[in-house]
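Worksheet: one structure, shown below.
The values are calculated or read from the model by the stated rules, or taken from the named source; none is laboratory data. Treat the numbers as computed from the prediction; the structure is a model and nothing was measured. Using ideal geometry, Cβ is built from the backbone for each residue, glycine included, and neighbour counts are taken over all protein chains shown. When the accessible area is computed, the model is the full protein with side chains, heavy atoms only, and any ligands, DNA or RNA have been set aside. Shrake-Rupley method; radii C 1.70, N 1.55, O 1.52, S 1.80 Å.
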Amino acid sequence: MSITNGWLDWATKCPSPNYNQRPESAAVSLLVIHNISLPPGEFGGGYVQQFFQNQLDVNVHPYFETIANLQVSAHVFIERGGEVIQFVSFNDRAWHAGNSSFEGVANCNDYSIGIELEGADDIPYTDAQYRSLDKVTRQLLQTYPKLTHERITGHEHIAPGRKTDPGPAFDWQRYRDSLNYPPG
């Protein structure tokens, strides 16, 4: 299991058109954890994959009409059962963070990797999701030397007041502790 040309060898690939090149001077140095569910608070159905590929059918749910014109993506999406789907190469700039800043440096998309967990701020994440997140994170830390434990954050931290994910249901202590132990 490894990362080749910015792609997890073992993840399902579902390429998104919503990306571009990182600025030449921007090395991957930040990991941003998000959550998403479509419709909000509902899981499954493949709607996130459709959304990240600009193929979401607005007739399926009224909420979809409100996001129909958005062009967003993440590098990785982790479903409730722990399945890992990759949309954008880690070497490219996925459109996940929007107006954001980390330690005074704006435009987090330029230098970050975005991982979306299928979830909502107030619904606990699954054990399978934490295991997959740990596995992906460990590979990223091995592959991108400027990415460190201290440079892992939530969307809520880089866009305060605008974003709330991954929310209070995300167990940061559990996640951080898992990274300090050998893989199991």
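A compact table of results
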{"item": "The range 1-135 - percent of accessible surface contributed by carbon and sulfur, probe 1.4 Å", "result": "47"}
{"item": "Accessible area of Glu42 in the full protein assembly, 1.4 Å probe (Å², nearest 10)", "result": "100"}
{"item": "FRET efficiency, Asn54 to His149 (Cβ-Cβ, R0 22 Å, nearest 0.05)", "result": "0.05"}
{"item": "Percent of alpha-carbon pairs separated by more than 26 Å within the chain", "result": "24"}
{"item": "Counted charge near His155, where neighbours are those whose Cβ lies closer than 14 Å (Asp, Glu -1; Lys, Arg +1)", "result": "-2"}
{"item": "Å² of accessible area per residue within the chain, as computed with a 1.4 Å probe and no ligands counted", "result": "48"}
